[in-house]
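Working notes, beginning with the structure itself.
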Amino acid sequence: MSSARTLLRVKPAEQLTEESSHTPLRRTLGLVPLVALSVGATLGTGIFVVLADAAPSAGPAVVVSFVLAGLAALCSALSYAELAGSVPMSGSAYSYTYATMGELVAWVCGWCLLLEYGVSVAAVAVGWGGYLNEFLQGTIGMTIPEALSAPPGEGGLVNIPAAVVVLLATGVLLLGVRESARATTVVTLLKIGILVFFVAVAVTGFRSVNMSPFAPMGFAGISAGASAVFFSFIGFDAASTAGEEARDPKRDLPRAIMLSLSIVTALYVLVALAAVGAVGAGALGGSDASLAMVLQTVTRQGWPSVVLAFGAVLAIASVVLTVLYGQTRILVSMSRDGLMPQMFSRVNRRAVPARNTALVGVLVAVLASVVPLSRLAEATSIGTLVAFGLVNIGVLILRRNRPDLNRSFRTPLMPWTPLLGVALCGYLITGLDAVTWLAFALWSAAGLAVYFLYGMRRSKLARQDAEQVRG
């Protein structure tokens, strides 16, 4: 019974809020930078690259796949918004589950988030190389040799561009959060403009024949497509990792989460519809830079695809920056709770967790340079879906156990919205490959080993409980 209580001990929301009020991080981010952070973390490889993976199986109904994945993300976003306004910490879903379901579940959630953020950074970086080559081909007529721009298993030896973009993003993060936020805001506005430009050009080549048959593999194809493109929505929760660097987190975090998801979903549906209508779903699967190929086909000129490729190079680089930021802040929270080594929460004179950032950057750069994109994308999706499901359960528990807690945002249609979120997350998980499940099982087993051998013994909450017993 004692062991069970240890594993299920909850960190009160008031304690989490009190700790965040004494954070060594600097509160410099308003609503616009927070929205840019979430949009910047979301709008990248998913639409620029993963659309090509989902379109062949879903057909023109890939547009519906985006809507289905967006609905799953919306239910989770509403739960995130309520918890972000109630427990404004940097730990995102990790902190929320610590306040609702206890330490072991919080650890599992945090471990899933490390998979989500770390692997998604690597996946985004891998997608960057394809558009970099597209841009170089259109401007100087040269590309990086495949041996140095593709991972083993995809015709190459090592993906140097992927490693380089991760290390560049790491360098920007080491400059400080204010500088990183400014760069993110500028680049986010630029990539929204690039995608609007794509839609405006691609729609001129729209042909109704390309939309038939609409769903060649039926709902099974739409479902598989939704599982694949769900990767595209990962990142809308990035604002919740900035809970200790937001000027007014209770007000701005819920707004940033909902605004960013609305912007991203609208853009995804428009881009998917324009792309499929212009060249057909089958043609999208044959290119590493599918959107650039669409513009080349529609205009029969090189400059539109070069413009898009340039925008994609910047856009995907900004995703690397923002998602890498999110992972380092989750590690800060886990370290401060004693579940990770203390080095991860130490900050320098710029209020940056420098050792944390540098170590994560190097590890992700190595991962990005040797692992294929498809495996990275699916591994990211399963970690994210588990974390989202836990957040939906967490908001239900907190509503029941702490109805008196001050909430700046309340999830509508309770309890149906989070219950639907849990169901949709579970449904999308079933669409992932058995290999992905095996990799996730191994990752989870490794995480539990780390917790029982290190985290459980060094937990700050455990030390506080022990002191109370001795007192």
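Could you go through segment 201-213 and let me know if any residue there is buried (at least 23 other Cβ atoms within 10 Å of the Cβ), more than 20 Å from the chain's Cα centre (by Cα) and in contact (Cβ under 8 Å) with a residue 24 or more places away in the chain.
As a first pass, look at segment 201-213 and keep what is buried (at least 23 other Cβ atoms within 10 Å of the Cβ): 202.
Filter again for more than 20 Å from the chain's Cα centre (by Cα), leaving 202.
Still in the running and in contact (Cβ under 8 Å) with a residue 24 or more places away in the chain: 202.
Scanning segment 201-213, I find at least one residue that is buried (at least 23 other Cβ atoms within 10 Å of the Cβ), more than 20 Å from the chain's Cα centre (by Cα) and in contact (Cβ under 8 Å) with a residue 24 or more places away in the chain, so the answer is yes.
Can you go through THR185, THR241 and tell me which one is in contact (Cβ under 8 Å) with a residue 60 or more places away in the chain, farther than 30 Å from GLY282 by Cβ and surrounded by fewer than 24 Cβ atoms within 10 Å (Cβ to Cβ)? Steps first, answer last, please.
Values: THR241 fails: surrounded by fewer than 24 Cβ atoms within 10 Å (Cβ to Cβ).
Only one candidate passes the filter, namely THR185.
Is segment 410-425 home to any residue that is surrounded by 18 or more Cβ atoms within 10 Å (Cβ to Cβ) and not in a helix (DSSP H, G or I)?
yes
May I ask you to verify whether LEU390 is modelled with pLDDT of 90 or more and touching a Cys at 6+ places or on another chain (Cβ under 6 Å)?
Working: modelled with pLDDT of 90 or more: no; touching a Cys at 6+ places or on another chain (Cβ under 6 Å): yes.
Against the criterion (modelled with pLDDT of 90 or more and touching a Cys at 6+ places or on another chain (Cβ under 6 Å)), LEU390 does not qualify.
Would you point out the residue of segment 228-238, among those that are among the hydrophobic types (A, V, I, L, M, F, W, C) and in a helix (DSSP H, G or I), that is surrounded by the most Cβ atoms within 10 Å (Cβ to Cβ)?
Taking segment 228-238 and keeping what is among the hydrophobic types (A, V, I, L, M, F, W, C), we get 228-231, 233-234, 236, 238.
Then keep just the ones that are in a helix (DSSP H, G or I); that gives 228-231, 233, 236, 238.
Numbers: ALA228: 27, VAL229: 28, PHE230: 33, PHE231: 27, PHE233: 25, PHE236: 28, ALA238: 29.
Result: PHE230.
Hey, any hits in segment 266-285 for a residue that's buried (at least 22 other Cβ atoms within 10 Å of the Cβ), farther than 24 Å from TRP128 by Cβ and within 20 Å of the chain's Cα centre (by Cα)?
The answer is no; no qualifying residue exists.
Looking only at segment 340-383, count every residue that is part of a loop (DSSP other than H, G, I, E, B), more than 19 Å from the chain's Cα centre (by Cα), modelled with pLDDT under 90 and of a type in the set (A, V, I, L, M) and tell me the total.
Residues in segment 340-383 being part of a loop (DSSP other than H, G, I, E, B), more than 19 Å from the chain's Cα centre (by Cα), modelled with pLDDT under 90 and of a type in the set (A, V, I, L, M): 3 in total.
Run VAL105 past the list (1) buried (at least 24 other Cβ atoms within 10 Å of the Cβ); (2) of a type outside the set (Asp, Glu); (3) closer than 27 Å to GLN15 by Cβ and report the number of the one that doesn't hold.
With (1) buried (at least 24 other Cβ atoms within 10 Å of the Cβ); (2) of a type outside the set (Asp, Glu); (3) closer than 27 Å to GLN15 by Cβ applied to VAL105, the lone miss is (1).
The values are calculated or read from the model by the stated rules, or taken from the named source; none is laboratory data. Because the structure is predicted, anything quoted here is derived from the model rather than measured. A quick note on method: Cβ atoms are made from the backbone with ideal geometry, for glycine too, and the neighbour counts reach across all protein chains shown.
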